[in-house]
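The values are calculated or read from the model by the stated rules, or taken from the named source; none is laboratory data. The model shown is predicted, which means the values in this text are computed figures rather than measured ones. Counting neighbours? That spans all protein chains shown, and the Cβs are built from the backbone with ideal geometry, glycine included. These accessible areas exclude ligands, DNA and RNA; they are computed on the full protein's heavy atoms, side chains included. Shrake-Rupley method; radii C 1.70, N 1.55, O 1.52, S 1.80 Å.
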Amino acid sequence: FGVSCVRVCMSSLSLCVCVCVVCFSDPEWASYTLGVFVCQSCSGLHRNISQISKVKSVLLDPWSDAEVEFMATNGNDAAKAKYEQKVPVFYYRPTHRDCQLLREQWIRARYERKEFVCVERQEPYSAGYREGFLWKRGRDNGQFLSRKCILSERDGALKYFNKHDAREPKALMKIHTLNASFQPGKIGQPHGLQVTYLKDNSTRNIFVYHKDGKEMVDWFNAIRAARFHYLQVAFPGAHHADLVPKLTRNYIKEGYMEKTGPKHTEGFKKRWFTMDDRRLMYFKEPLDAYARGEVFIGSKENSYTVLPGLPPSTQGYHWQFGITIVTPDRKFLFTCETEEEQQDWMAAFQGLVNRPMLPQEYAVAAQFKHKP
């Protein structure tokens, strides 16, 4: 082929593939040693395993006839069949929305460590028990200190210990309320993980990281495995497709808003808000261990409404873009710094209000009513 013909062939192959083999974005690059198409972002991650994967731009780099032939006879589907033979159902498959760590470790697990060809290499997150040390952020001083952590499916809990030789854990987090979400930007660590659990029906946060990216992702998938096995027992006969979305969840939205108190006469105060499914939590600072308060966001069938703006008599706010959430019991008033933030929060709230409540969500709503 001439150069122009090769580019046409590569462009056609790329269009046929449609998505990046790693994160499902548009494929603009390709690994000519693995025979897969990837997006620009993931091509940089492939360069980190240059002994295995060598990448080129689909359109801008020169391609030999042999390389085009190799891409045509392999491709993303063939790579998945070869390298994803035994991916555990609970294992997290990242998308373009996920942090770099998850995408890089997914690439390394597939091609470098071949974890999904050799099942014995999945032991770090499949064994039902995991023990090790993580750097945990202190609740009061904000310093990260090494803490012994144990995840046990048999005990149904994740525990951490303040002293390495301590017999009793500092905290015991039941698997049935556990969630984990990578938050590198918020935590200030590229491998930062936020772990949440319920304590007396209130959300408790801990923030941890490990210097080794593989270790941190193994912990994350071990939590998902424990959650999966718990849900299999809790919901016998449920399809895997119904359980997997419940293993871990990312937050619907986070950011600063201003809020006032229940009487609407107090001055508005700036708080960090986290929308965790139907729980809207607010904190004084993003890395606080406990929320200052939580609001349950129900559905329109249960008399929940989201309105732009504030009641006319409202005073004491600084930011001009208001939101009013009407619940069966009271109104919650918030303000946003920009109109764009207001629209984003409105869309997040409206999505929940438009979604019918599940039976288990009624139980959560009832617990909110009985909070002190």
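Here are the numbers for this structure:
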| read-out | value |
| --- | --- |
| Residue tally, condition modelled with pLDDT of 95 or more and open to solvent by 40 Å² or more (accessible area, probe 1.4 Å), over the range 320-330 | 2 |
| Strands (runs of 3 or more DSSP E) within the range 27-84 that include 3 or more residues of a type outside the set (D, E, K, R) | 29-31, 36-38 |
| Qualifying residues in the range 161-191 (those that are in a strand (DSSP E or B) and closer than 12 Å to Val208 by Cβ) - the one modelled with the lowest pLDDT | Ala171 |
| Flag if Val55 is at pLDDT below 85 and open to solvent by 10 Å² or more (accessible area, probe 1.4 Å) | no |
| Test: residue in the range 218-226 that is assigned by the TED database to the domain that holds Arg147, loosely packed, with under 13 Cβ neighbours inside 10 Å, modelled with pLDDT of 95 or more and closer than 24 Å to Arg121 by Cα | no |
| The listed residue being open to solvent by 10 Å² or more (accessible area, probe 1.4 Å), more than 30 Å from Ser41 (Cβ to Cβ) and among the hydroxyl-bearing types (Ser, Thr, Tyr), out of Tyr129, Tyr209 | Tyr129 |
| From Leu151, Leu198, Leu158, residue being assigned to a strand (DSSP E or B) and modelled with pLDDT under 95 | Leu198 |
| Flag if Tyr282 is surrounded by 14 or more Cβ atoms within 10 Å (Cβ to Cβ), free of Cβ contacts under 8 Å to residues at least 60 places away in the same chain and under 21 Å from Tyr362 (Cβ atoms) | no |
| Ala180 being more than 22 Å from the chain's Cα centre (by Cα), surrounded by 14 or more Cβ atoms within 10 Å (Cβ to Cβ) and of a type in the set (A, V, I, L, M) | no |
| Residues located in the range 122-151, provided they are in contact with a helix residue (DSSP H, G or I) (Cβ under 8 Å, 6 or more places away or on another chain) and of a type in the set (S, T, N, Q) | Ser126 |
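Table: residues versus (1) closer than 16 Å to Ser31 by Cβ; (2) touching a Ser or Thr at 6+ places or on another chain (Cβ under 7 Å); (3) not assigned by the TED database to the domain that holds Ile206.
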position	(1), (2), (3)
Val55	yes, yes, yes
Leu59	yes, yes, yes
Met71	yes, no, yes
Phe116	no, no, yes
Leu158	no, no, no
Phe161	no, no, no
